[in-house]
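Report on the structure given below.
The values are calculated or read from the model by the stated rules, or taken from the named source; none is laboratory data. What you see is a predicted model; the values in this text were computed from it and never measured. Cβ placement follows ideal geometry from the backbone for every residue including glycine, while neighbour counts extend to all protein chains displayed.
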């Protein structure tokens, strides 16, 4: 594992933007462009848009985001454990079982609270 | 290639840089060109599943249909509705393609052909894959359209939810091989992990299908309620790029399944002939991908509450249990830490397979029971409603 591997990722990240950008720019050059106000209206089932688009959203989404955050952070801890698992003793298994049990308790708590039920 | 460039008198650093740049374009352009073929395969199959012929006019077997579509979409006017957030609106299709192409950097095409063999490869592909969610949110927010925004919210809820079982499923091959590098995971599969941990493969495919927003999980573009969702205001090549990203992401799930569970490029003579390894990888990926198309074409769309329930109340607990059981078996079976050839792998694989079949049987029984209860509930409601309707 050398730094070269990460140079590739960096290059990939920098250059991969051009791959989708080229067709889009090409389309801009080739395609006709005759805008008019009616054509540029935002679609809303044939009527003119009413009110503001960026309205308040359902609070339920926020709860799901929180539960996801909880799990995602804990999942990161599982990766080093999985990599080193072959070198660890049986104790590692019980340790992780306790860790996952705590996760499950959190999941059961949110479940019982009704946070996972779409209202 | 680095040696070749050094021979013509370039310094080592510059030679590596040029070789890597070429590598980037080869991998990236291959991904984009593959889309042309892949979309044809998918449309042809979709046609057959729906009792039609699929594309068959342009070129032999309609092979050039996708090229014709690309030219058409290139010549379409690129509309920009009033009130859009310009930067966000224009960047969204690009980000969405980039998030998928970046995954291909760690795909081992054969023993020696790999963009880069990161020692945290699996973590990397989870990380860059999550970029796609941002792209969808950008498209929905930037479009200044209520349908697009609703779709974006829904899709974010869906994508982040299904990421949890997906990552839990990814942990299993990491655990079995003791490495996060994609190349090492392939090399460690003396017997395909598919035969050792079929339940994990099912979890991975299900959550992968949801991550790409396809099949029964395509409610982020539900045309009957959200008029095609987050990309409704996009036209021309920008829409085309969303289409490319969607296809490529779905195919990438097939590629990842092939690498992590089906032995990647491994096969007869693949060690000596890199091209053969590449062919094996593509065949295996297509097999996994066809299964995904099959599911997509067969099952009806879920509602959002069913979708989230299925994830949090079934798939997440199941994948947690699955991970613990696999870890337990792996520790109990002796000598699993020194598997170096096919013979060593047979006993652990068989034990894991038996345990997995038992788990699948239990899970199947639970699902059947739930289905039966749901059916009875609905039937009871319908028979209760009938007399009232007759009395009107």
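Table for the structure above
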{"quantity": "Meets criteria (more than 30 Å from residue B:82 (Cβ to Cβ) and either in the same structural domain as residue B:270 (by TED's automatic domain parsing) or outside any helix (DSSP H, G or I) (or both)) for residue B:151", "calculated": "no"}
{"quantity": "Condition check for residue A:75: more than 28 Å from residue B:241 (Cβ to Cβ), assigned to a helix (DSSP H, G or I), at the interface with chain B (Cβ under 7 Å from one of its Cβ atoms) and out of contact with any strand residue (DSSP E or B) (no Cβ under 6 Å at 6 or more places or on another chain)", "calculated": "yes"}
{"quantity": "Filter pass, residue B:112 being over 30 Å from residue A:47 (Cα atoms) and surrounded by fewer than 24 Cβ atoms within 10 Å (Cβ to Cβ)", "calculated": "yes"}
{"quantity": "Residue within segment B:279-297 that is surrounded by fewer than 22 Cβ atoms within 10 Å (Cβ to Cβ), more than 14 Å from chain A (Cβ to nearest Cβ) and not in a helix (DSSP H, G or I) present", "calculated": "no"}
{"quantity": "Test: residue in segment A:91-104 that is within 21 Å of the chain's Cα centre (by Cα), touching a residue at least 40 places away in the same chain (Cβ under 8 Å) and either surrounded by 12 or more Cβ atoms within 10 Å (Cβ to Cβ) or under 25 Å from residue B:150 (Cα atoms) (or both)", "calculated": "no"}
{"quantity": "Residue A:49, sole failed condition from (1) crowded, with 16+ Cβ neighbours inside 10 Å; (2) within 27 Å of the chain's Cα centre (by Cα); (3) assigned to a loop (DSSP other than H, G, I, E, B); (4) more than 7 Å from chain B (Cβ to nearest Cβ)", "calculated": "(2)"}
{"quantity": "Which numbered condition residue B:229 fails, given (1) at negative phi; (2) over 19 Å from the mean Cα position of the chain (by Cα)", "calculated": "(1)"}
{"quantity": "Candidates B:324, B:315, B:308, filtered to the one that is closer than 27 Å to residue B:107 by Cα and either assigned to a helix (DSSP H, G or I) or not assigned by TED's automatic domain parsing to the domain that holds residue B:368 (or both)", "calculated": "B:315"}
{"quantity": "Qualifying residue in segment B:44-56 (condition: in a loop (DSSP other than H, G, I, E, B), under 24 Å from residue B:285 (Cβ atoms) and within 24 Å of the chain's Cα centre (by Cα))", "calculated": "yes"}
